[in-house]
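One structure below.
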Amino acid sequence: MNVTVQDIIEKFKLTILNGKEHVEKAVLDESLSRPALELAGYFEFYPSDRIQVFGLKEMTFLSSLDLETKKERLRKLFADVKTPCFIMTRGLIPDETFLEIAREMEATILQSQQTTTFFMGNLVNYLNDFFAPRTDLHGVMLDIKGVGVLIVGESSVGKSEAALELITRGHQLVSDDRIIAIEKEPGLVVGQAPKLLENMIEIRGVGVVNVLSMYGAGAVRKRKRLELIVELVDWTKGLEYDRIGLSEHKQTILNTEVQKIMLPVRPGRSVALLIESAALNHRLRGVGINSAQEFIDRLTNQIKGNE
Amino acid sequence: MAQVTITITDPSGIHARPATVLVNAAGQYTSDLKLEYNGNQVNLKSIMGVMSLAVPTGADVTIIAEGDDAEAAIAGIASVMKDQGLAQ
């Protein structure tokens, strides 16, 4: 997925100070650079394919240089056509010399009103989405009491129906049928809906339903960290399920291990209720309460007492 | 009705794993199955009940079956218990 300078301008409501004809340029590196050392004359490791951010430090230093040195360094700084853009933060306005060299070198100069650190944090976060590893998952994803749960299982096992019931119980839909999983960092996978599917759920026999219109703004969520995978499996005799809840199943998505449980389903069982309790139990474990372990400890003690 | 008394040899007694084995084995039969230990009787098809007995190793338990496949159930469960190292 490509991100262009234009996308960044729109996202962060940046002002174009120069070079609006080059805003279709693609951003090829997710890192940012503050060119303070380069302005001081050190171009050895200048990462010219990155977005360059000018804060108060850079601009103040620049104004301390004599005219010729300033021009020379700016020319060097603006020389690489691969540099996507140069962004002034804090609403800083470059002087006429700066803009003159920018025009000469056809550099795109933008301006943000945000403070440097804040802006860079937001921009890195935004760019990370485009460069982070991603994959498609099949299933329904919801936010159940703060736990991002992906419901998977063979088609017609009742995933969407369970999701609908969960929505009516007050939980939030992230995406139905297809989920884009983005690994923001190893160990942190976030799920979101493809644009087209946002807020939509397909219910067999009813059709495609807009959850946002039908159940309100509280029934949907744009994105959510994936913490638990619930696989719905046909209740088959002979298949062994975890009766105590001690065994830990994991599924690896990209490079992240996600907790997984197998939920046996059969007609008449309230799947939504079961998924809800699985999510709550996961949450409970997150705060250090493992009911299964607690029970096992009790049992061990009791057996010892009976020996 | 059929019944059998078995000595538990699993070093941890009827702990969570052995209880799961027992309950899964019992679930294969239609007969009414009970597990008796120390004068207390529980449904052998219900795991929480089975574990609630907290049967230690070396203890004698009785399995009681009532129904069409009672004999088969007793034989089957006893053999599973031996195979799984629960009893001798």
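Give the relative contact order (percent, whole number) for chain B; include only Cα pairs under 8 Å separated by 6+ residues.
Values: 172 pairs, mean separation 40.6, N = 88.
Computed value for chain B: 46 percent relative contact order.
Can you give me the % of accessible surface on the stretch A:3-130 that is carbon or sulfur? Probe 1.4 Å, all protein chains present, nothing else counted. Write out the running numbers ahead of the final one.
Details: 3280 of 6280 Å².
Here carbon and sulfur together make up 52 percent of the probe-accessible area.
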Hz values of 3J(HN,Hα) by residue in the stretch A:32-37 - Karplus curve (6.51, -1.76, 1.60), Gly and Pro given as x: 10, 9, 10, x, 5, 5
Using just the helices of chain A, give the 222 nm mean residue ellipticity in deg cm²/dmol: DSSP H runs with n ≥ 4 each add -39,500 (n - 2.57), and the total is spread over all residues, rounded to 500. -10000 deg cm²/dmol
Of the options B:Ile64, B:Asn38, B:His15, report the single residue whose Cα projects farthest towards the positive end of the charge dipole of chain B (beta-carbon charges: Lys, Arg +1; Asp, Glu -1). B:His15
Residues in the stretch A:128-166 reached by a label modelled at A:Ser270 [backbone nitrogen below 13 Å; 7 Å Cα→Cβ]: A:165-166
Residues of the stretch A:115-155 with amide N under 18 Å of the 7 Å Cα→Cβ point at A:Asp49: A:127-133
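Rounded to the nearest 500, what is the 222 nm mean residue ellipticity of chain B from helices alone, with -39500 (n - 2.57) per DSSP H run of 4+ residues and division by all residues?
On the way: 3 runs with 31 residues, N = 88.
After summing the helix terms and dividing by residue count, I get -10500 deg cm²/dmol.
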Nearest 10, in degrees from 0 to 90: the angle of helix A:116-131 to the longest Cα principal axis of chain A is 60
Using modelled backbone amide H atoms (1.01 Å from N, in-plane), which distant-in-sequence or interchain residues come within less than 5 Å of A:Gly139's amide H? A:Asp177, A:Arg178, A:Ile179
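With +1 on the Cβ of every Lys and Arg and -1 on the Cβ of every Asp and Glu, and nothing else charged, how large is the dipole of the stretch A:121-167 about its Cα centre, in debye rounded to the nearest 20?
Working: 3 positive and 6 negative charges, 28 e Å.
Dipole of the stretch A:121-167, to the nearest 20 debye: 140 debye.
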Relative to the longest principal Cα axis of chain A, at what angle does helix A:96-105 sit, 0 to 90 degrees, rounded to 10? 80
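Could you give the length gained on full extension between A:Gln251 and A:Gln302, defined as 0.36 nm per residue of separation minus the Cα-Cα distance, in nm? Intermediate results must be reported in sequence, preceding the final value.
Working: separation 51, 0.36 × 51 = 18.36 nm, distance 3.47 nm.
Going from the current span to full extension adds 14.9 nm.
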Rounded to the nearest 10 degrees, what's the angle between the helix B:70-83 long axis and the longest principal axis of chain B, both from Cα atoms, 0 to 90? 30
Can you list the residues, at least 5 places off or on another chain, whose amide H is less than 5 Å from the amide H of B:Ala59, using H built in the peptide plane? B:Ile8
Would you pull out the residues with amide H under 5 Å of A:Val265's amide H, same chain only if 5 or more places away, H placed 1.01 Å from N? A:Val233, A:Asp234, A:Trp235
The size of the Cβ-based charge dipole (Lys, Arg +1; Asp, Glu -1) of the stretch A:132-295 about the Cα centre, to the nearest 20 debye, is 320
Please check: in the Gaussian network model of chain A (C-alpha springs, under 10 Å), which one of A:Gly19, A:Gly207, A:Gly153 has the largest mean-square fluctuation. A:Gly207
Among A:Leu173, A:Ile203, A:Ile261, whose Cα lies farthest out toward the positive end of the dipole of the stretch A:132-295, if unit charges sit on the beta carbon of Lys, Arg (+1) and Asp, Glu (-1)? A:Leu173
Accessible area of A:Tyr42 in the full protein assembly, 1.4 Å probe (Å², nearest 10): 100
With only alpha-carbon atoms counted, please give the Rg and Dmax of chain B, in Å. 11.2, 33
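Give me the dipole magnitude in Debye, nearest 20, for chain A about the Cα centre, with unit charges on the beta carbon: positive for Lys and Arg, negative for Asp and Glu. Display every interim value, and only then the final one.
Working: 38 positive and 42 negative charges, 170 e Å.
Dipole size: approximately 820 debye.
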Could you give me the ³J(HN,Hα) list for the stretch A:148-156, computed from phi with Karplus coefficients 6.51, -1.76, 1.60 and θ = phi - 60°, whole Hz, x at Gly and Pro? x, 10, 9, 9, 10, x, 4, 5, 6
For B:Lys82 and A:Ile93, extending 7 Å from Cα along the Cα-Cβ vector and measuring point to point gives, in nm, a value of 9.6
Size of the stretch A:3-130 along its principal axes in angstrom, Cα-based, largest extent first? 40, 27, 26
Taking a label point 7 Å from the Cα of A:Phe118 along Cα-to-Cβ, the residues of the stretch A:49-77 whose backbone nitrogen sits under 16 Å from it are A:55-56
For the pair A:Arg283/A:Leu37, report the inter-label distance in nm, with labels modelled 7 Å from Cα in the Cβ direction. 4.7
extent check for the stretch A:132-295: Cα max minus min per principal axis, descending, whole Å, gives 44, 40, 25
Two-site FRET efficiency, A:Lys145 against B:Asp32, from Cβ-Cβ distance with R₀ of 45 Å, rounded to 0.05: 0.70
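The values are calculated or read from the model by the stated rules, or taken from the named source; none is laboratory data. These figures come from a predicted structure and were not determined experimentally. Every residue, glycine as well, gets a Cβ built from its backbone with ideal geometry; the counts of neighbours run over all protein chains shown. Accessible surface areas use protein heavy atoms only, side chains included; no ligands, DNA or RNA. Shrake-Rupley method; radii C 1.70, N 1.55, O 1.52, S 1.80 Å.
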